[in-house]
Amino acid sequence: MKKTIFFLLLLLGYLLPNAQEKSKTIRAGLFISFFLDSAFDVSGNYQLAHAFPRQAITSLEYYEGAVMAIDSINQIGKSATLEVFDVSSKQGNIEQLLKRGKFDSLDIMFVYGGPPEYTALASISKSKNIPLVSASYPNDAGIRGSPMVYIANPKINSHLQIITNQINSRWHDANIIWFKRSDPGDDRLQDIFRELIKQSLIAQRPKYIELGKTFSAEEILKAIDSTKINVLLAGSLDNAFAVNFAKAISLYEKKGIIHVIGMPNWDGLKELQSTSYAGIPIYYTSGMSPATDNKWAIEFDKKMKEETGINSSTSALKGFELTFYFLNILAKYGTIKIDNSADKPFKVFNNLDFRAIKWSQETQVPDYFENKRIYFIRRLNGVESTQ
């Protein structure tokens, strides 16, 4: 990890050049938040010693995966470079990058994060005809007429549909409780879930409980029915809410009657992988499978340990897969084609299923492409498995 952090801090120009000059080099841009500006004091001294900004750990892991993909692509005779922009820094400000003409030198963009950077980059993708891969944000943010945008993390509606299906098949008569904050975003999630529940065959209709910005474990635990199975849903995409919710559940003694379902953001939250939650089945949806027995995943994990000294993560796997997949297709066709069965070798860990989305039948082009492949993941006693 120290080696990785030192290397990253030296980068700050964020350019990984190809080892040798080749024709048809693909120039990829990664737009991601490392929060490095906040790690330096006013004199320019790094304040965190050998540590890295905690809120940027998953970003660093994604970055590591993307770098390894670039190396792999160059090793198989193709040519690619990766320029990295820390959008949380002054240097990575998208408006300033646009004025400096940075986008004119890119063949494809990857964004690991959400608005406002995602929406700004989607607009640039549309105006400059540069493919944009949204790696993590489970929403289209209202973009339309953007056929160069590829949403890799399925939209929240699709995630909630999978969750509803799982409840219907596994726990249709359980005590189902949806918890949320008093928040417009949480309200929207609940509205979508309510509508999906109405269309399902679930016998026991869920209860809906609104929690304050700060809530006690008692507010959650008192809703649990000790005589039956309880399915507790954390209806928010807020990371702090997710951690506090899981901490409250961990205090309940009869863990055998509890199943906790989180939102897609639970995928990369390190705090939720603590041994404190052993014995509690925690579920979440993801556009990626843990793929623990996948040959690519095994080799990737081995290489990750050699390069960084740490185990691979979902974020790192995602960084590798999306970079490898899209850059290989771009190298082959000069454009993005995602419906050719001959390109299956470019798929690494997962069966990506990008489909054209049109919000109006009258539109001539897709509004964007969305990956519709969603996995229902269970984490129990430190082991993740696809359900």
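The values are calculated or read from the model by the stated rules, or taken from the named source; none is laboratory data. Here the structure is a predicted model, which means the values were calculated and not measured. Please note: Cβ atoms are built from the backbone with ideal geometry, for glycine as well, and neighbour counts cover all protein chains shown.
Structural remarks
- LEU121 vs. criteria out of contact with any Gly (no Cβ under 6 Å at 6 or more places or on another chain), in contact (Cβ under 8 Å) with a residue 24 or more places away in the chain and not in a loop (DSSP other than H, G, I, E, B): yes
- Every listed requirement among (1) among the hydrophobic types (A, V, I, L, M, F, W, C); (2) assigned to a loop (DSSP other than H, G, I, E, B); (3) within 24 Å of GLN387 (Cα to Cα) is met by ILE177 save one, (2).
- Matching residues in segment 258-302 - criterion: being over 20 Å from the mean Cα position of the chain (by Cα) and surrounded by fewer than 15 Cβ atoms within 10 Å (Cβ to Cβ): THR275, SER276, ALA278, GLY279, ASP293, LYS295, ILE298, GLU299, LYS302
- Pairs linking a residue in segment 199-215 that is assigned by TED's automatic domain parsing to the domain that holds ILE163 and more than 15 Å from ASN244 (Cβ to Cβ) to a residue that is surrounded by 11 or more Cβ atoms within 10 Å (Cβ to Cβ) and of a type outside the set (Val, Ile, Thr), with Cβ atoms under 6 Å and 6 or more positions apart or on different chains, are SER200/ASN168; LEU201/ASN168; ILE202/ASN168; ILE202/HIS172; ALA203/HIS172; PRO206/TRP178; TYR208/TRP178.
- Check on GLU384, in contact with a Pro (Cβ under 7 Å, 6 or more places away or on another chain), at pLDDT below 85 and among the acidic types (Asp, Glu): yes
- Here is the figure for segment 240-262: residues that are part of a helix (DSSP H, G or I) and aliphatic (A, V, I, L, M) total 7.
- Within the set LEU30, LEU9, the sole residue that is assigned by TED's automatic domain parsing to the domain that holds ALA331 and modelled with pLDDT of 80 or more turns out to be LEU30.
- Restricting attention to segment 184-199, the residues that are among the acidic types (Asp, Glu) and buried (at least 17 other Cβ atoms within 10 Å of the Cβ) total 1.
- Test: residue in segment 194-208 that is within 27 Å of the chain's Cα centre (by Cα), aromatic (Phe, Trp, Tyr), modelled with pLDDT of 95 or more and assigned to a helix (DSSP H, G or I): no
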